[in-house]
Amino acid sequence: MTQGSRLYFAVTVLMCAFVSINGVGLNDLLERASQLSDKLHSLSTSLTNDLDSHFPPVGRVMMPRPSMCHTSSLQIPNDKDQALKIPEDELLSLARSLLLAWSDPLALLSSEASSLAHPERNTIDSKTKELQDNINSLGAGLEHVFQKMGSSSDNLSSLPFYTSSLGQDKTSRLVNFHFLLSCFRRDSHKIDSFLKVLRCRAAKKRPEMC
Amino acid sequence: MRNSGAVLILTFIAILTLQAAGVSPPGKPRLTSCRSPEKETFTCWWEPGGDGGLPTTYALYYHLENSETVYECPDYRTAGENSCFFNKNDTSLWVNYNITVVASNALGKNISDPVEVDVVYIVQPNTPEHVTAVVVHDEQGPFVRVSWEKPRTADTRSGWITLLYQLRVKQEKDKEWEEYNAGMQKYYNVFSLHPDKEYMVQVRCKPDHGFWSEWTQTTYVKMPDYITRERSLWIMITIFFVFIVVILTWTLNVKRNSVKLCLLPAVPGPKIKGFDKQLLKSGKSEEVFNTLVIQGFPPTTDYDNLLVEYLEVYDNEEQELVQDGKDLSEDCMKSKSPSDIDSGRGSCDSHTLLLEKCMDGREGSGSNQHQYSQHGETRWASTESSESQDPEPGSPESANGRGKTWPVVFPSPQPQPHHHYPVGAAKPAYHSVPEILNHLSPHAMSSNYHQLNHQDILQQERRFSKPACRHSQSYNQFNLDGIDTPAPGVAPSPSLEYVEVQRVNPENMLLLRPLSDPNREPEGSDCTREDYSKVKEVTSNNILLLQRDMSHQCVDDYSQADQCTTQQPPHPCKPAVHQSNSGMPQEAIRVMGNGYVDSTVLMPSY
């Protein structure tokens, strides 16, 4: 009996240590993830600015409504109160779903960037590529976070992207590129916000950072 | 149709009338900006376009991107004039608001351009609060710690909004602010502020993606008066070094003499026996030189006799007239002479020579001696008389008469007359130098030589090459230092005899041995012509460079200023005649027949 209790005690201690270590790990992981998402959003903002510098006025008229973004079907909190009520794993799955939804469209953007009818084409092209890399890293990081969190169900929403080309003529291509980019910019802001909420929730030990 | 037309016309007239009266529909309003301080509410402001002279009302309408329902602004007051405040309930994030403002008055209304706004992109927080700046005293020196608090409305605790802070500092008089980024922390330490100065501090913040807030009110902080550790350290170092420098200077000053000795070692001065440096310093060179002068030398009498003697001696015009010095060089190595540049003829004036012998020989009896002495005198006389004359090519006699030759020391008892003369006879004997050893003694001429020698002492060194065949050509330097004062009591030798130089020992002394010495080695035939030394060159300090002359075909050339450039012995060349450049009387070397040089030396007259 004594030996059994001792064994049990040792295992408990180890598990506690493991969990505590994990907790610290989660904090750092989330910190890193929020840094990446911050960078992601900054990139998309600067891309949008580059695009806006030489955008034909007619494009604004032609621009599809943001509600036509392929991710608009995802149910997300619209204000702070709603957002703070959502449990962490749900927040995380929201972030991951959004992220996942953009891997294909970004590939399309990347392929179309080089042939855009825009004077800043080269800058846009390089930044788009950088976006792709960033998304991949963030996706991998969020996977780790998910595993660290240890939630049982993985309820990722599927947000398919069916568009295979941006358009036939150069103006419509430019306009669609701009539209797609604006959708992405917003979604990246969502991801960033959710992750930062998650970060502060996990950082119980460092209240000064939040 | 008519009615509508009439209505139109009436309206037109009415408008014109109204405009004439100064009233019109309102101008187009314009939305200037919309801002959200905490990502929960937002406010939009517009500016009116002109009221048209009538009271105008403004209304803001909006609709969300995914619906057509138009709403009007819920709150026109909270944010002030011409503003619309959207509270929490009316604020949705990640949704575009389409906002327009309508201005309306009695005459009509005007609609502004629509503006698309997404609340998350227009976040601008309020300023930070409770900024404090405190001086903290540290061992490194005092610094200022600035701390603040987040704006009240921003909810950073939940992570909903993330704020980054920035502060700036300057003195009252500065133009530029010094900015510092504090990141997400709410304090900052400012270093490197100047002591005893007052500083202004301001703080602002910004969300991670948004606009900077306004700067806070200025907070003042005064630095205490202190000396920086760095400066005090420099002061100490400076004082220390100054101290060291002062000490060093004083020490150097005290030990000035020994330092001077150390840095500038004394140059060994010339040491001339009988030469009194003090006397020289004190002044008159006359006195100095007078001590070196041997009285009665050079003989100043009987020049005619000398001349005559001279003429008598040379009976063969074709004889190589020896460079007078040449003979002498072998007879008596002469170290230096002020004025006699006989071309190497040894004389009793050589300091290495046994001067006693010279003197004795001189004093000795013997017709030959007398002859030679006279001859020497003659020569002296001749040289003196011809001091300033250039030697001219001509009969050997005249040349000889003019030339200066050294009287030869003749240790051998009966040389033939022409042998005794330092003439380049057809069969030149060996130029002999009286042995330094005692049994061969110089003759009566020695006294002259003695005197000459004294004069030599005054002069610079000379170099001689030793033409003796037995010995290698070498330059012997006859140092002033090595001069031996001729002993006054040299025993005169009874006879004259040729001597030859056997060797030169390391102290530059010629070891002589008489020609009649049975131990003497036979000389090669090729030496016969090598007894006479040819002056090849006179160097700048009056040293004759003698050359071994192997050729029979030296050009008889008389030149004043040619110079042999090579110094290799078997080399036919034109003997050089140098102008002495020491201010001494000119010397001229004349080349006789088969290349021997007759050097004529002008003796200074005393």
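The values are calculated or read from the model by the stated rules, or taken from the named source; none is laboratory data. Quick caveat, the model's predicted, so the values are computed rather than measured. Positions of Cβ are backbone-derived with ideal geometry, glycine not excepted, and every protein chain shown enters the neighbour counts. These area figures cover heavy atoms from the full protein model, side chains too; ligands, DNA and RNA do not enter into them. Shrake-Rupley method; radii C 1.70, N 1.55, O 1.52, S 1.80 Å.
Can we say A:S165 is within 14 Å of another protein chain (Cβ to nearest Cβ), hydroxyl-bearing (S, T, Y), open to solvent by 20 Å² or more (accessible area, probe 1.4 Å) and within 17 Å of A:T128 (Cβ to Cβ)?
On the way: within 14 Å of another protein chain (Cβ to nearest Cβ): no; hydroxyl-bearing (S, T, Y): yes; open to solvent by 20 Å² or more (accessible area, probe 1.4 Å): yes; within 17 Å of A:T128 (Cβ to Cβ): yes.
For A:S165, the condition - within 14 Å of another protein chain (Cβ to nearest Cβ), hydroxyl-bearing (S, T, Y), open to solvent by 20 Å² or more (accessible area, probe 1.4 Å) and within 17 Å of A:T128 (Cβ to Cβ) - is not met.
Would it be correct to say that A:F179 is open to solvent by 10 Å² or more (accessible area, probe 1.4 Å), of a type in the set (F, W, Y), more than 14 Å from chain B (Cβ to nearest Cβ) and in contact (Cβ under 8 Å) with a residue 12 or more places away in the chain? It would help to see each step written out before you state the result.
Details: open to solvent by 10 Å² or more (accessible area, probe 1.4 Å): yes; of a type in the set (F, W, Y): yes; more than 14 Å from chain B (Cβ to nearest Cβ): no; in contact (Cβ under 8 Å) with a residue 12 or more places away in the chain: yes.
No.
One residue is enough: does region B:97-110 have a residue meeting the conditions part of a loop (DSSP other than H, G, I, E, B) and more than 60 Å from the chain's Cα centre (by Cα)? So that I can check it myself, show each step before the final result.
Start the filter on region B:97-110 by keeping residues that are part of a loop (DSSP other than H, G, I, E, B), which leaves B:106-107.
Filter once more, so that each one left must be more than 60 Å from the chain's Cα centre (by Cα): B:106-107.
Checked region B:97-110: at least one residue is part of a loop (DSSP other than H, G, I, E, B) and more than 60 Å from the chain's Cα centre (by Cα).
Using the structure shown, decide if B:S92 is open to solvent by less than 80 Å² (accessible area, probe 1.4 Å) and either within 14 Å of another protein chain (Cβ to nearest Cβ) or in a loop (DSSP other than H, G, I, E, B) (or both). Give the steps one after another, and end with the answer.
Values: open to solvent by less than 80 Å² (accessible area, probe 1.4 Å): yes; either within 14 Å of another protein chain (Cβ to nearest Cβ) or in a loop (DSSP other than H, G, I, E, B) (or both): yes.
It is true that B:S92 is open to solvent by less than 80 Å² (accessible area, probe 1.4 Å) and either within 14 Å of another protein chain (Cβ to nearest Cβ) or in a loop (DSSP other than H, G, I, E, B) (or both).
Can you name the residue in region A:183-197 that is within 8 Å of chain B (Cβ to nearest Cβ) and within 13 Å of the chain's Cα centre (by Cα) and is also farthest from A:P105 (Cα to Cα) among such residues?
Of all residues in region A:183-197, those within 8 Å of chain B (Cβ to nearest Cβ) come to A:186, A:189-190, A:192-193, A:196-197.
After this cut, where a residue has to be within 13 Å of the chain's Cα centre (by Cα) as well, the list is A:186, A:189-190, A:192-193, A:196.
On the way: A:R186: 14, A:H189: 17, A:K190: 17, A:D192: 19, A:S193: 21, A:K196: 25 Å.
Restricting to residues being within 8 Å of chain B (Cβ to nearest Cβ) and within 13 Å of the chain's Cα centre (by Cα), the top hit is A:K196.
Answer yes or no: is there a residue in region B:155-172 that is open to solvent by 20 Å² or more (accessible area, probe 1.4 Å), touching a residue at least 12 places away in the same chain (Cβ under 8 Å) and closer than 19 Å to A:D79 by Cα.
Start the filter on region B:155-172 by keeping residues that are open to solvent by 20 Å² or more (accessible area, probe 1.4 Å), which leaves B:155, B:157-158, B:164, B:168, B:170, B:172.
Adding the requirement that they be touching a residue at least 12 places away in the same chain (Cβ under 8 Å) leaves B:155, B:164, B:168, B:170, B:172.
After this cut, where a residue has to be closer than 19 Å to A:D79 by Cα as well, the list is B:155.
Checking region B:155-172: at least one residue is open to solvent by 20 Å² or more (accessible area, probe 1.4 Å), touching a residue at least 12 places away in the same chain (Cβ under 8 Å) and closer than 19 Å to A:D79 by Cα.
Here's a check for you: in region A:178-210, which residue that is of a type in the set (A, V, I, L, M) and at pLDDT 90 or above is farthest from A:L138 (Cα to Cα)?
Initially, region A:178-210 is screened for residues of a type in the set (A, V, I, L, M), giving A:180-181, A:191, A:195, A:197-198, A:202-203, A:209.
Then keep just the ones that are at pLDDT 90 or above; that gives A:180-181, A:191, A:195, A:197-198.
Working: A:L180: 20, A:L181: 18, A:I191: 10, A:L195: 11, A:V197: 16, A:L198: 15 Å.
Among residues in region A:178-210 that are of a type in the set (A, V, I, L, M) and at pLDDT 90 or above, the one farthest from A:L138 (Cα to Cα) is A:L180.
Return the only residue of B:Y165, B:Y187 being within 30 Å of A:L198 (Cβ to Cβ), modelled with pLDDT of 95 or more and within 14 Å of chain A (Cβ to nearest Cβ). Show your work before the answer.
On the way: B:Y187 fails: modelled with pLDDT of 95 or more.
So the residue among B:Y165, B:Y187 that is within 30 Å of A:L198 (Cβ to Cβ), modelled with pLDDT of 95 or more and within 14 Å of chain A (Cβ to nearest Cβ) is B:Y165.
What single numbered condition from (1) within 15 Å of B:K109 (Cβ to Cβ); (2) in a loop (DSSP other than H, G, I, E, B) fails to hold for B:E38?
B:E38 satisfies every listed condition except (1).
Determine which single condition B:L193 fails, assuming it passes every other condition in (1) open to solvent by 40 Å² or more (accessible area, probe 1.4 Å); (2) under 50 Å from the mean Cα position of the chain (by Cα); (3) in contact (Cβ under 8 Å) with a residue 12 or more places away in the chain.
For B:L193, the failing item is (1).
Conditions first: (1) open to solvent by less than 70 Å² (accessible area, probe 1.4 Å); (2) closer than 30 Å to B:D155 by Cα. B:S24 passes all but one, so which condition is the exception?
For B:S24, the exception is condition (2).
For region B:168-184, how many residues meet the condition of being within 14 Å of chain A (Cβ to nearest Cβ) and not in a strand (DSSP E or B)?
Taking region B:168-184 and keeping what is within 14 Å of chain A (Cβ to nearest Cβ), we get B:182-184.
Still in the running and not in a strand (DSSP E or B): B:184.
Selection size over region B:168-184: 1.
Name the residue that is modelled with the highest pLDDT, counting only residues in region B:533-559 that are charged (D, E, K, R) and in a loop (DSSP other than H, G, I, E, B).
Taking region B:533-559 and keeping what is charged (D, E, K, R), we get B:534, B:536-537, B:548-549, B:556-557.
Keeping just the survivors that are in a loop (DSSP other than H, G, I, E, B) gives B:548-549, B:556-557.
Working: B:R548: 63, B:D549: 54, B:D556: 43, B:D557: 44.
Ranking the qualifying residues of region B:533-559, first place goes to B:R548.
If B:E116 meets every condition in (1) assigned to a strand (DSSP E or B); (2) more than 14 Å from chain A (Cβ to nearest Cβ) apart from one, which number is that one?
Among (1) assigned to a strand (DSSP E or B); (2) more than 14 Å from chain A (Cβ to nearest Cβ), the lone unmet condition for B:E116 is (2).
Answer with yes or no whether A:K148 is of a type outside the set (A, V, I, L, M) and at pLDDT 90 or above. Let's see the steps before the verdict.
Values: of a type outside the set (A, V, I, L, M): yes; at pLDDT 90 or above: no.
Considered against the rule, which asks whether it is of a type outside the set (A, V, I, L, M) and at pLDDT 90 or above, A:K148 comes out as no.
For A:T71, state whether it is in contact (Cβ under 8 Å) with a residue 12 or more places away in the chain and not in a helix (DSSP H, G or I). Before the answer, list the steps.
Working: in contact (Cβ under 8 Å) with a residue 12 or more places away in the chain: yes; not in a helix (DSSP H, G or I): yes.
It is true that A:T71 is in contact (Cβ under 8 Å) with a residue 12 or more places away in the chain and not in a helix (DSSP H, G or I).
Please work out which residue is surrounded by the fewest Cβ atoms within 10 Å (Cβ to Cβ), limiting yourself to region A:128-162 and to residues that are within 26 Å of A:K39 (Cα to Cα) and hydroxyl-bearing (S, T, Y).
Taking the candidates together, the pick is A:S158.
Assuming B:C84 fulfils every condition listed in (1) part of a strand (DSSP E or B); (2) open to solvent by 60 Å² or more (accessible area, probe 1.4 Å) apart from one, which condition is it?
For B:C84, the exception is condition (2).
Output yes when any residue across region A:76-84 is of a type outside the set (V, I, T), within 18 Å of A:F194 (Cα to Cα) and away from chain B (no Cβ under 14 Å), and no when none is.
Taking region A:76-84 as the starting set, the residues that turn out to be of a type outside the set (V, I, T) are A:77-84.
Adding the requirement that they be within 18 Å of A:F194 (Cα to Cα) leaves A:77-84.
Right, trim to away from chain B (no Cβ under 14 Å) and you get none.
The answer is no, given that none of the residues of region A:76-84 is of a type outside the set (V, I, T), within 18 Å of A:F194 (Cα to Cα) and away from chain B (no Cβ under 14 Å).
Just checking, does region A:174-181 include any residue being under 21 Å from B:I161 (Cα atoms) and among the β-branched types (V, I, T)?
Within region A:174-181, the first condition is being under 21 Å from B:I161 (Cα atoms), and the residues that meet it are none.
Within region A:174-181, none of the residues are under 21 Å from B:I161 (Cα atoms) and among the β-branched types (V, I, T).
How many residues are part of a loop (DSSP other than H, G, I, E, B) and either within 14 Å of chain A (Cβ to nearest Cβ) or among the aliphatic types (A, V, I, L, M) (or both) when one looks only at region B:45-68? Outline the logic, then answer.
Of the residues in region B:45-68, the ones part of a loop (DSSP other than H, G, I, E, B) are B:48-55, B:65-68.
Narrowing the set further to residues that are either within 14 Å of chain A (Cβ to nearest Cβ) or among the aliphatic types (A, V, I, L, M) (or both) leaves B:54, B:65-68.
Qualifying residue count, region B:45-68: 5.
Test of understanding: among A:L174, A:L198, which residue is farther than 23 Å from B:P207 by Cβ and either open to solvent by less than 70 Å² (accessible area, probe 1.4 Å) or out of contact with any Phe, Trp or Tyr (no Cβ under 7 Å at 6 or more places or on another chain) (or both)?
Working: A:L198 fails: farther than 23 Å from B:P207 by Cβ.
Result of the check over A:L174, A:L198: A:L174.
List the number of the failed condition for B:A106; all other conditions in (1) within 14 Å of another protein chain (Cβ to nearest Cβ); (2) within 30 Å of B:P55 (Cα to Cα) hold.
Here B:A106 meets the rest and fails (1).
Please indicate, with yes or no, whether at least one residue in region B:124-147 is within 14 Å of chain A (Cβ to nearest Cβ) and among the basic types (K, R).
Looking for residues that are within 14 Å of chain A (Cβ to nearest Cβ) and among the basic types (K, R), one finds none in region B:124-147, hence no.
In region A:115-125, is there at least one residue being over 30 Å from A:P57 (Cβ atoms) and either charged (D, E, K, R) or open to solvent by 50 Å² or more (accessible area, probe 1.4 Å) (or both)?
no
Does any residue of region A:3-18 turn out to be surrounded by fewer than 18 Cβ atoms within 10 Å (Cβ to Cβ), within 26 Å of A:Q132 (Cβ to Cβ) and either modelled with pLDDT of 85 or more or within 14 Å of chain B (Cβ to nearest Cβ) (or both)? Please lay out each step first, then the result.
Residues of region A:3-18 that are surrounded by fewer than 18 Cβ atoms within 10 Å (Cβ to Cβ), as a first pass: A:3-18.
From what is left, the residues that are within 26 Å of A:Q132 (Cβ to Cβ) are none.
For region A:3-18, residues surrounded by fewer than 18 Cβ atoms within 10 Å (Cβ to Cβ), within 26 Å of A:Q132 (Cβ to Cβ) and either modelled with pLDDT of 85 or more or within 14 Å of chain B (Cβ to nearest Cβ) (or both): absent.
Go through region A:58-72 and give me each residue that's open to solvent by 50 Å² or more (accessible area, probe 1.4 Å) and either within 11 Å of chain B (Cβ to nearest Cβ) or modelled with pLDDT of 90 or more (or both). Full working, then the answer.
Our first condition is that a residue be open to solvent by 50 Å² or more (accessible area, probe 1.4 Å); within region A:58-72, this holds for A:58, A:60-62, A:65, A:68, A:72.
Of everything in region A:58-72, those that are open to solvent by 50 Å² or more (accessible area, probe 1.4 Å) and either within 11 Å of chain B (Cβ to nearest Cβ) or modelled with pLDDT of 90 or more (or both) turn out to be A:R60, A:R65, A:M68, A:S72.
Only one residue in A:L98, A:L40, A:L91, A:L51 is away from chain B (no Cβ under 14 Å) and open to solvent by less than 30 Å² (accessible area, probe 1.4 Å). Which one? Reasoning before the result, please.
Working: A:L98 fails: away from chain B (no Cβ under 14 Å); A:L40 fails: away from chain B (no Cβ under 14 Å); A:L91 fails: away from chain B (no Cβ under 14 Å).
Of A:L98, A:L40, A:L91, A:L51, the one residue that is away from chain B (no Cβ under 14 Å) and open to solvent by less than 30 Å² (accessible area, probe 1.4 Å) is A:L51.
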